[in-house]
Structures are given as structure tokens and as C-alpha cells.
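Worksheet: one structure, shown below.
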Amino acid sequence: MFIGRDIDRIDVLDKVLGKPIFAYDLKVEGMLFGCIYRSKRPHALIKKIDIQDALSLNGIVKVITHADIPGENAFGAIKKDQFYLAGDKVRYIGEPILIILGESEKIVRKALNSIKVEYEDIEAIYDPFSSRDSTTLIHDTGNLLSYRTVIKGDFEQGFNESDVVVEHTYKTTWLDHAFMETESGIGYMDETGKIVICSSTQNVHYKRKEISKLLALPEDRIRVIQATTGGGFGGKLDMTVEGYIALSVYLTKRPVVMRFTREESFLSNTKRHPLYIEYKTGAKKDGSINAVKVNIIGDTGAYISYGETVCLRAAIHATGPYEVPHVFVESRMFYTNNHISGAMRGFGIPQVAFAHESQIDEVALLLNMDPLEVRMKNGLRRGSLTATSQLLTNSAGFLETLKKIEPFWKARKKQGLHTGFGLGCMYYGIGNTGVSNPSSCYLTFTDEGKIAFHSGVCEIGQGSDTALLQILLETLNVEERDVVLLRGDTDTSNDAGSSSASRQTYVSGRAVYDAALKMRKYLKSKGYYDCETLRGVCLLAKEEGLPVFEGFFDPPTSPVDSKTSQGIPYATYAFATHMTEIDVDKATGFCKVKKVHASHDVGKAINLKNVKGQIYGGIAMGVGLALMEEFVPSKTESFDSYYIPTSMDMPDVEIFIVEDEEPTGPFGAKGLGEPALIPQAASIVNAIKDAVGVRAFELPCHIERLKALIESEKDKWVE
Amino acid sequence: MLPEFLSRTAKTKEEALSYITGLEDVKVLAGGTDLIVRMRKGEAYKHLVDVMEVPEMKGISCDEEGFKIGATTTHNRLSNSQFIKMNARSLSLACGLIGSPQIRNMGTIGGNLINASPAADTIPPLLVHDAVLTLESKGGERKEELEDFIIAPYKTSMKSDELLTFIHIKRKRFKDYREGYKRVTKRAALAISRLSVAWAIHEYEGLFHDVRLAIGSCTPMPFRPRIVEEFLKGNKKEEQIIIESVKMILEEIKRITGDRPSFIYKIPVLKDLLENILRG
């Protein structure tokens, strides 16, 4: 029995012994160092690029411009709108213009300073509202990237029927993923002439596709391997170093390494989308939420990345995990000349949860009801219709997550002078939104008489290798020593899709289950479950030409309606409730997060220790989002000014698991990666209100903002 | 990337002084938790002289007047020293809050003073204790009050051929004083002080007898509000006096620094902190 067991992560021993080689530490004989020269202007035409001084430096091998690209100078996860190297125009500070290649890192970094670029500035746009109103266009298609609406019922009627209305505006800012390992990788040409890239990434097959287009080479001439990766959180979904390394290898025929400094990482990587959320809630006296009207304005930065997806996902999740009969949501994403916003754990939903959870608490306050009771009353359950009118027929354990928290909520007692308690809830669609997002894998046998598990799933620290292996072992009823895992290599695996959208345990887990069922049938037919040894079966299989057992799963979803977004955007949803206890120092505005009770409906916990690990990490990130993390364009350069929580900022955490099994998932499992983070910031904000009577409408609610709120409240009393 | 440099390790004070005088473009390394970071950003020197292995510049010792601290004593050692806990509680607290365990193990009190950041945690406690510094050079030694030593943010009166060797605190133990250090940071650890206050206060029968305050991160250099300290001397410990004196301090800060955007936060916080400190 492997499911639900606390088995150790399969990589744990090697990692504590320091054995795995992270992308940042990879080396190849004779490698060149590559560095990117980036735009210093937010919006400008490039008039002239002078690389002569750089080329004359001893040790500089090549400077690559956009003109050297053999294939398409375009990439993008959703649409191919981003340039590998800018040609005539730059749209943000940090946009790549050149690749400099040299014999050492030192000489290449020195050469960066001898590049001269002449620009002709264009008016730069720094916020979505100016973008909306400006006649300056960042792209020919206009400054509005995406406009999505969710329409259910009749919101006007809904508000007319409501007894109370709560209306507020919420704001969030840019956040950096702050992964431990910055973007890095190596590349080389192998003996067959194939271009091999080994990098820190969340998706190998997507990157192979992009490189194929970039170099105008067939995909089978390119191999992408995932090196041991030090964190992703969405920041290694887009092309980071891979395209540049591939291009450099292609043009120089030499091995190439690229490693971003922390400063380069901050400058170049995508950020969490800043969202501006106008939120109106109508409720009846009995506490039932009757109508919700939301207007979301987002900043995608200079290019799309995942901007369209976040725009839609945020709209769909805007009501939170509550059944609301009348819903009207508008969501717009604008281009600006800021850093590109992209995928980051939660895909817009941590921002949205901050808004809907604040609203629920304000409704409860107005109706003089217990906030938990209001949530219980309106919470989604089996038989509920979501905001997209999706009927929840299966796994929907939201109320159970609330019930786990209820005794602690009822027993809560303020210890300190300014102690507060807050609730935060969420639901989250697992997998990509309203589109096919399949995963595929295959199993076969090795010469050594073992089962070969070929997986394209990127292990980025979240524990997918272990969870998938547990599913395989359980289904086949074999031991860990019987299996060899071959993972994250386009040459030895099928496309499993990205490690994103909390999808790998659910989607790829099901694909593994599918493959395992087929292999189990084969093992059975060869007598493995009677008395034949695995080695014996392998010999038989060899004689039959090594059969391959493919597994596949694509979650059953349907595209949502383009006007109303009604439909089935996700096959299943995760649910969670967090209760947070904090202490506020009124003199300084410092908020200490003391204790979190976190309750999650994960469908089925494949590995309890891993589930807990995800939740601890999610809470840490939630503390950062709520209280300190803030990327300020052109100002934030490193961890010197970008504060993320330390272990000293971490609260005690108690975890409760709800297992409302999802029939389409492997052994009932859903996803957890992002849900772990989503409700945390919201619960802190609600706790602050409980502690000192002020509500934060802008995140992060750092010491300065909180003190200002406390001071303004003081002034109110004086008046 | 770190620029290239030559490094020397001095084993004695004399050796260190010879290097400092003899070598050109030379900088003393005393822990390096600030220096190396700046050098990674481009600050360059031809020579670094590591003084961490000079035995006499390390540790705490008593003399007739009080006690002295070697300039290369680490923050960690100071924060864990029972003697410092007893005799300079605010310094002990401050040293325990600096940076992270790694920084406290590497960073030194001398380095912290030479760096002379407005947010340096060791400075307010040392100001409260009227610390005096010994600066040595080939030509001899001189003593200077810490208050005069720091002449501008990140700038001291130290000459290029000088080495900071000792920090002197003249009297042992503020008996019957309540002493402390409080700092405000954006997170619980590994943070630079947004604001800091060190204090040592002696009260007697409802009167302020001796009030020593030092405020960091508010003015270009951490400072002692001496006018108010004088005003409080002999005054009654009552709410009106406390509020009045804090108001005077805030006005003095504004006079020194002018109005700054950060004061929207700092002034109300400092007001609450100082009032709470004086109330005790």
C-alpha cells in the first residue's frame, strides 16, 4: 500500500547529501559563458547598436543580434508575441537585445559595459489606467490585451433584492517568485548533431517546441532536459535561458552556459500580476449572498506571457467558493511598459481571494453575523452551481474544510492586547482554464529486469516524482526498487504538460494510473501476480520486443462561452479554509502571524508529508503577499530591498486534510500546489481588521501601511 | 562579481598598521559583511588587510575606568556575553538583532562603526554609554568620542593611516537604570532597522534623574536628544511631561533632517515608542 502513506521523497537522501547537480552548477568542457544585454529604456525605438568595442575585448567570441536568428524571433506560452532579441523597438526595461558570448563570465560581464545602444524614446506607460486612456500604442493591436466577462443571472435584480450592499476597491502589486535558484542552464551539441539544453525549468516539451521554431530545426534535432531545479512557482514556465543558450550553441557550435545573477533575475523574470479590483456584494438579511459585481483591471506589462489566462481565471474565480445567483464580472488586462507579468503560484487568484474574503467579512459585520456562519451558509457544495453555472456533482469538500476549522474558530480567545483572528477561504480550478491540457507518459521494461517509468513531468521541488511513483507502485503492486524513473527529458518521455496550475498530481497522476493499469494487465497475463518474478516477466517482454504501455489523461472540460464565460472550465476544484491568528504592535505597525489552522480538500492525499510541505510553503508565501513582498519597478534590484518572510516570520501551522475523493483523479486526488497559498493573505487581512479595527485595501499591508491605517483610525476618534 | 584584489592577513596590530601605512589603496577587512557586498557592486581596492586574526583586537576586558571592547569582536560574541548583558544591556540586545546568525558570526562592532550607517544597530547603544574610540596609527594613538567620530552618513573622521582598535565604555553598569533597545523592521529577522531607540533611564521617587536616549535611522547620524535629556533631568515622571518631551524630540529631528517622505511613518512610530519607553 503506497497511497496516503508518508513515504520519504525519493530525492530526499540525495538532496540532503548535496548530490544532485542543479542547473546553476552544471559545467561542460570548453563552455562559453553567455550573458544578455538588456534595454535600459522602458519604451523606445532602437536607432543604433554598436558592438565593436565589445567584440574587440580579448576573450569575447560572439555578439548575437536579432538578425542572427535562423528561425522565428518570437515566443510565448499563449501567443508568440515576445521577441528573443529586440530588433527595432523595446517595450520594457530589461528587454533582451543582444547575447554576448565569451570565454569567461568576467569578460562577458565586462563587455556588457562596452555596448552602446542609441534609442529614440517613446512615451512610456506605467499603469493600466493610463494605458487604457493613452493614444500611445505599445502594440499595434492596441493597449487592451484581453477583456473577459462572467455573466450569470441578472445582477441588477440581484442587488435590488439585497438588503445590504458592500462595495470596496482592492489593490495588489508585483511580486517576484524569489526561487532559490536563479534561471540557468547549459547547452551543447551532442555527437549526433542534436542541440541539447539542460536547464532549470517547469516544462521541457514546451521549450523544445519553442527552440524548434527559433532555430528552424525539426523537434527531433532538439533535446531539452530538466536539470535538478531549485524552485519554479510559475517563473520558469516561460522561456528564460533556454532559447538564448540554444541559439548560442547553434551559432558557435560550442557548449554554452548561462546563469542569471539575482539582479538579472529580478530584472528579467515575470512578476505576479498587479490587480485592481472593484468589488460590490449584495446580501440578504439571512446572510445569503445574492449578487456580486466585480471589475478587475490588470497590468500584463509589455508582453502577454500568461496575461490572458490570468484575466479569465481571475474573472471565473471572482465570487470565491460561494454560490451566488447573480454574477457580473468584467476583467481587463492592459499592456504597459512595466515588467512582464506572468504565471505565479495561484494565477491571479490570491489577489482575487484577498478581495472576496474581505467582502464576506464586511457583509458579516454589517449583518452582525459570524463570518464563519456566512461562509457556511453560502459555501459551494455538491449540487451547487458555480459562477460559470457548472454543476458540482463530485468532490466538493468546502463545507468540510470549514467544519474542521469551526471548533477552533469557536474556541478562539484573544491573548494579547491586539490579537486578531481571521478566516480566508478559496476554491481553485485544477488544470488549465477551459482548454485541453493533456498529460501522457509510458512504461516499459529495462534490460536489468525493472520497470522503466518514462515521465515528462518536471519535479521542481513540489514532490511530483514521489507522488507519481506512489500512484504507479500502488497500481502495479510492486516495490520502489522495481522501478527506474526516467524523468524530464524530451528524448525519453512524452509531453506531460507544464508543472503549473496545480495539475500534475491530478492530470499526470491519472495518466500514470492509466499506463499502470495497462501494464498490470500485462504483468498479470505473464503470471507476475502468481509466482513469476519481475525479471522473468522482463525476459518474456524482451522476446516480444519490449511492449510499451502508454498512459493518457485530459481532464474533461469545455471551452467557456466567449460572452458569459458559462461552461465547464475545470474538471474539478480544490477547496480550502485557513484561520489565522496574529498580533499587531500598534506602535510600529508590525504584524506577527502567530498561528494558522489550514484545512484543505485535496480529494486524496497521496503523500501526507508532501501535502503538508506544500501547505507550509504556501502559508510562507501568503505571509509575504499579505505583509511584505513588493517589487517596485526600477527600484527593486535584489533581496536587499525585496523582503520575503524568514523562518522567524513563520507561524505555527496545524493542518487538517479533507478527502472528498474526485472520481476522475488518481485514487481520488486533486491538486494542492496553488491552493496552499491562495487563502492565506486574505485570512491575515481579516485578522488585522479583527485585531485593530482597520482594513487593508492594498497589499502588501507592510508596517508602514498598517501604521498609517492605525493612525487614520486614531484621527477618526479624535474627530 | 568581486573585483580582483590582493589580501593580507595581519597577525599583530603592528603588522596591520604597517600594511595600512605601507600599501597603497588599502582597506581594512573586519568581518566584511558590508564591505564585500559593496565590492560585489563595484567598489574596488588594490589591497585588503584582514585584521580578524589580531588577538588583542578581539574580546572584552576591564580597565580602571570601565571596560573596553576590541574592534573585531563579533556581534554574536557581544550578544552572548554575560558581562555585556550586565553592563550594557542595550548593546547586548542590539547585537543580537543584527542581520542573521551568519552576519552576527562574521560582522564586528568595529566594522559596524566604520561603516557608519544611519541604521547601524550598535551605534545608539554605544551613544547611550558615551563610548570613546581608540584610533591607532604608526605615529601613535588618539581617542575620540563616538558622537564626534561619525561626521556624516557612512563617513567617519578616521584617517587613511588609522586603525580602529578599541571601543571604551567608561563606567561599568548603569546601576538602577532601566536600559533597553528596540528596533523596527519590516520582518522578524534579517532586516535593516527602519527605526531604532536605545535607552538608559534612572528614576528616583517619581522624578527623572538621568535620561539617556539615542535614536537611529531617523537623522543622518544616530543622535542623542540632549536638550530633552537635560529638560527631563529632575522633572516629574508624569504624562504631560512625557508627551511634551517627546514632542520636543520630534521637533528636533525635523529640524535636523527636514521633512522626509519616510517621516509619515517614522514620526508617529517614534512618538509611540518614545512615550512608551519614558513611561516604562
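Laid out as a table, the results:
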read-out	value
Top-ranked residue in the stretch A:209-242 [being of a type in the set (Lys, Arg) and within 21 Å of A:ILE36 (Cβ to Cβ); ranked as surrounded by the fewest Cβ atoms within 10 Å (Cβ to Cβ)]	A:LYS213
Boolean, A:LYS689 is surrounded by fewer than 23 Cβ atoms within 10 Å (Cβ to Cβ), over 30 Å from A:GLY509 (Cβ atoms) and within 14 Å of another protein chain (Cβ to nearest Cβ)	no
Within the stretch B:9-38, tally of residues that are over 21 Å from B:ILE169 (Cα atoms), among the hydrophobic types (A, V, I, L, M, F, W, C) and buried (at least 19 other Cβ atoms within 10 Å of the Cβ)	8
Candidates B:ASN105, B:ASN80, B:ASN87, filtered to the one that is modelled with pLDDT under 95, surrounded by 14 or more Cβ atoms within 10 Å (Cβ to Cβ) and of a type outside the set (Ser, Thr, Tyr)	B:ASN87
Residue match in the stretch B:40-48 (condition: within 16 Å of B:ASN112 (Cα to Cα), part of a loop (DSSP other than H, G, I, E, B) and modelled with pLDDT of 95 or more)	no
Condition check for B:LYS266: over 22 Å from B:TYR177 (Cβ atoms), in contact (Cβ under 8 Å) with a residue 40 or more places away in the chain, within 14 Å of another protein chain (Cβ to nearest Cβ) and out of contact with any Asp or Glu (no Cβ under 6 Å at 6 or more places or on another chain)	yes
Subset tally (residues that are touching a residue at least 60 places away in the same chain (Cβ under 8 Å), within 18 Å of A:SER288 (Cβ to Cβ) and not charged (D, E, K, R)) for the stretch A:366-388	11
Neighbours by Cβ (under 8 Å, 6+ apart or cross-chain): first from the stretch B:176-201, more than 11 Å from every other protein chain (Cβ to nearest Cβ) and surrounded by fewer than 20 Cβ atoms within 10 Å (Cβ to Cβ); second modelled with pLDDT under 95 and not in a strand (DSSP E or B)	B:ARG178/B:GLY280
Failed criterion for B:GLU141 (all others in (1) part of a strand (DSSP E or B); (2) over 22 Å from B:GLU14 (Cα atoms) hold)	(2)
Count of the stretch A:218-228 residues which are within 13 Å of A:GLY187 (Cβ to Cβ) and assigned to a loop (DSSP other than H, G, I, E, B)	1
Test: residue in the stretch B:259-272 that is modelled with pLDDT under 95, at positive phi and over 22 Å from the mean Cα position of the chain (by Cα)	no
Every residue from the stretch A:614-650 that is within 23 Å of A:GLU406 (Cα to Cα) and not aliphatic (A, V, I, L, M)	A:GLN614, A:TYR616, A:GLY618, A:GLY622
Identity of the residue in the stretch A:694-704, facing chain B (nearest Cβ under 9 Å) and not β-branched (Val, Ile, Thr), that ends up nearest to the chain's Cα centre (by Cα)	A:HIS702
Matching residues, the stretch A:575-598, being of a type outside the set (S, T, N, Q) and within 13 Å of another protein chain (Cβ to nearest Cβ)	A:ILE582, A:ASP583, A:VAL584, A:ASP585, A:LYS586, A:ALA587, A:GLY589, A:PHE590, A:CYS591, A:LYS592, A:VAL593, A:LYS594
Sole exception among (1) in contact with a helix residue (DSSP H, G or I) (Cβ under 9 Å, 6 or more places away or on another chain); (2) assigned to a loop (DSSP other than H, G, I, E, B); (3) not polar (S, T, N, Q) for A:ILE688, by number	(2)
Failed item in (1) assigned to a loop (DSSP other than H, G, I, E, B); (2) touching a strand residue (DSSP E or B) at 6+ places or on another chain (Cβ under 9 Å), with A:ARG132 passing the rest	(1)
Residue selected from the stretch B:236-258 under the condition aliphatic (A, V, I, L, M) and within 22 Å of the chain's Cα centre (by Cα), by the criterion farthest from the other protein chains (Cβ to nearest Cβ)	B:ILE256
Within the stretch A:492-516, considering residues that are of a type in the set (D, E, K, R) and not in a loop (DSSP other than H, G, I, E, B), the one nearest to the chain's Cα centre (by Cα)	A:ARG510
Evaluation of A:SER641 against (1) within 13 Å of chain B (Cβ to nearest Cβ); (2) touching a helix residue (DSSP H, G or I) at 6+ places or on another chain (Cβ under 8 Å) (one fails), failing number	(2)
Residue among A:SER493, A:SER502 that alone is touching an Asp or Glu at 6+ places or on another chain (Cβ under 7 Å) and either among the basic types (Lys, Arg) or modelled with pLDDT of 95 or more (or both)	A:SER502
Condition met for A:PRO679 (under 24 Å from A:MET344 (Cβ atoms), at pLDDT 95 or above, away from chain B (no Cβ under 14 Å) and assigned to a helix (DSSP H, G or I))	yes
Filter result for B:GLY96 (in a helix (DSSP H, G or I), in contact with a helix residue (DSSP H, G or I) (Cβ under 9 Å, 6 or more places away or on another chain) and within 14 Å of chain A (Cβ to nearest Cβ))	yes
Top-ranked residue in the stretch A:599-612 [being under 20 Å from the mean Cα position of the chain (by Cα) and of a type in the set (A, V, I, L, M); ranked as farthest from the other protein chains (Cβ to nearest Cβ)]	A:VAL602
Residue in the stretch A:515-531 that is surrounded by fewer than 16 Cβ atoms within 10 Å (Cβ to Cβ) and either small (Gly, Ala, Ser) or touching a Lys or Arg at 6+ places or on another chain (Cβ under 7 Å) (or both) present	yes
Residue in the stretch A:544-557 that is surrounded by 15 or more Cβ atoms within 10 Å (Cβ to Cβ), outside any loop (DSSP other than H, G, I, E, B) and in contact with a His (Cβ under 9 Å, 6 or more places away or on another chain) present	no
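One line per residue, one yes/no per condition, for (1) surrounded by 18 or more Cβ atoms within 10 Å (Cβ to Cβ); (2) assigned to a loop (DSSP other than H, G, I, E, B); (3) in contact (Cβ under 8 Å) with a residue 12 or more places away in the chain:
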| site | (1), (2), (3) |
| --- | --- |
| A:VAL63 | yes, no, yes |
| A:ALA67 | no, no, yes |
| A:ALA86 | yes, yes, yes |
| A:TYR92 | yes, yes, yes |
| A:ILE100 | yes, no, yes |
| A:TYR126 | no, yes, yes |
| A:HIS139 | no, yes, yes |
| A:TYR147 | no, no, yes |
| A:GLY158 | yes, no, yes |
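Residue-by-condition table, conditions (1) under 19 Å from A:LYS670 (Cβ atoms); (2) in contact with a Pro (Cβ under 9 Å, 6 or more places away or on another chain):
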{"residue": "A:ARG332", "(1), (2)": "no, yes"}
{"residue": "A:ASN337", "(1), (2)": "no, yes"}
{"residue": "A:MET344", "(1), (2)": "no, yes"}
{"residue": "A:ALA353", "(1), (2)": "yes, yes"}
{"residue": "A:VAL363", "(1), (2)": "no, yes"}
{"residue": "A:LEU367", "(1), (2)": "no, no"}
{"residue": "A:GLU373", "(1), (2)": "no, no"}
{"residue": "A:GLY379", "(1), (2)": "yes, yes"}
{"residue": "A:LEU392", "(1), (2)": "yes, no"}
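The values are calculated or read from the model by the stated rules, or taken from the named source; none is laboratory data. Being a predicted model, the structure only gives us computed values, none of them experimental. Cβ coordinates were reconstructed from backbone atoms using ideal geometry, including for glycine residues, and neighbour counts include every protein chain displayed.
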